[in-house]
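See below for the structure under consideration.
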Amino acid sequence: MSLITPTAEQFETIRQQLGREPRGLAGIALASTAGIPLVLQMRSLVDDQPFPTLYWLSSRELYQAIAEIETAGAVKQLEQALQSDAAFMAEHLVDQQRYVDLRWQLMTSQDRQRIAELGFTSLFDQYGIGGIRHWDKIRCLHMQYAFHTVAGSAVGRRLDELFQLDQLACES
């Protein structure tokens, strides 16, 4: 995983994608072959407040596609699949721990120290993908898929299988 420092043009694209100035941006975790930012890596501490979301989906196309999938009830369907498929659940729980470990690994030493000083260490050990505390649930498919694009995940693979998100052309 190689973090990309955004160019001025990419930074402007990010502003347009988000509709606001990005806060806590560490860099671009994934870009299209044309250099369009698709997934952002975020800092874990923003203005001395915990921000447990490591990866943020910035692609408009992916965001819209996943919003439609969520609206159609996919979160509930995936949570039911987790409950009925022990292997899927086991993979999902491993993904949650990988996310927590990766977040700690990618965090700056200054952020780790400040998180400890502020008493937030246990939060960052407990909160998984998308800041969820109950790892056997799914909070947000956008954050699940953002993690998947960078590090792979059971839920992300399932989304690709069901909705071919990995085939989506991302232009903005």
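Residues considered: 90, 67, 72. Of these, the only one that is of a type in the set (A, V, I, L, M), over 25 Å from residue 169 (Cα atoms) and surrounded by fewer than 16 Cβ atoms within 10 Å (Cβ to Cβ) is 90.
From the list 96, 126, 80, 144, the one residue that fits, being of a type outside the set (Gly, Ala, Ser) and out of contact with any helix residue (DSSP H, G or I) (no Cβ under 9 Å at 6 or more places or on another chain), is 80. Taken together, the residues in the stretch 128-141 that are of a type outside the set (Gly, Ala, Ser) and either more than 21 Å from residue 72 (Cβ to Cβ) or surrounded by fewer than 19 Cβ atoms within 10 Å (Cβ to Cβ) (or both) amount to 7.
In the condition set (1) closer than 25 Å to residue 12 by Cα; (2) at pLDDT 95 or above; (3) among the aliphatic types (A, V, I, L, M); (4) in contact with a helix residue (DSSP H, G or I) (Cβ under 8 Å, 6 or more places away or on another chain), residue 169 is compliant with all but (2).
Of all the listed residues (96, 105), the sole one being part of a helix (DSSP H, G or I) and either surrounded by fewer than 17 Cβ atoms within 10 Å (Cβ to Cβ) or over 12 Å from the mean Cα position of the chain (by Cα) (or both) is 105.
Each residue in the stretch 143-161 was checked for being touching a residue at least 40 places away in the same chain (Cβ under 8 Å), out of contact with any Asp or Glu (no Cβ under 6 Å at 6 or more places or on another chain) and farther than 14 Å from residue 30 by Cα, and 3 of them qualify. Of the residues contained in the stretch 76-85, none is found to be over 23 Å from residue 167 (Cβ atoms) and in contact with a strand residue (DSSP E or B) (Cβ under 9 Å, 6 or more places away or on another chain).
Going through (1) part of a loop (DSSP other than H, G, I, E, B); (2) in contact with a strand residue (DSSP E or B) (Cβ under 6 Å, 6 or more places away or on another chain); (3) not hydrophobic (A, V, I, L, M, F, W, C) one by one, residue 149 falls short only on (1). Could you please find all residues in the stretch 13-32 being assigned to a loop (DSSP other than H, G, I, E, B) and either more than 14 Å from residue 61 (Cβ to Cβ) or touching a helix residue (DSSP H, G or I) at 6+ places or on another chain (Cβ under 8 Å) (or both)? The answer is 19, 20, 21, 22, 23, 24. Do we have residue 95 as of a type in the set (D, E, K, R), under 23 Å from residue 27 (Cα atoms) and modelled with pLDDT of 95 or more here? It is true that residue 95 is of a type in the set (D, E, K, R), under 23 Å from residue 27 (Cα atoms) and modelled with pLDDT of 95 or more.
Whether any residue in the stretch 41-54 is of a type in the set (Phe, Trp, Tyr) and either in a helix (DSSP H, G or I) or buried (at least 19 other Cβ atoms within 10 Å of the Cβ) (or both) is what I want to check. The answer is no, given that none of the residues of the stretch 41-54 is of a type in the set (Phe, Trp, Tyr) and either in a helix (DSSP H, G or I) or buried (at least 19 other Cβ atoms within 10 Å of the Cβ) (or both).
Could you list, in sequence order, the residues of the stretch 2-21 that are in contact with a strand residue (DSSP E or B) (Cβ under 7 Å, 6 or more places away or on another chain) and modelled with pLDDT under 95? Once the filter is applied, which keeps residues that are in contact with a strand residue (DSSP E or B) (Cβ under 7 Å, 6 or more places away or on another chain) and modelled with pLDDT under 95, the stretch 2-21 yields only 3.
The values are calculated or read from the model by the stated rules, or taken from the named source; none is laboratory data. The shown structure was predicted, so the numbers you read here are calculated from the model rather than taken from an experiment. Because the Cβ atoms are built from the backbone with ideal geometry, glycine has one as well, and the counts that use them run over all protein chains shown.
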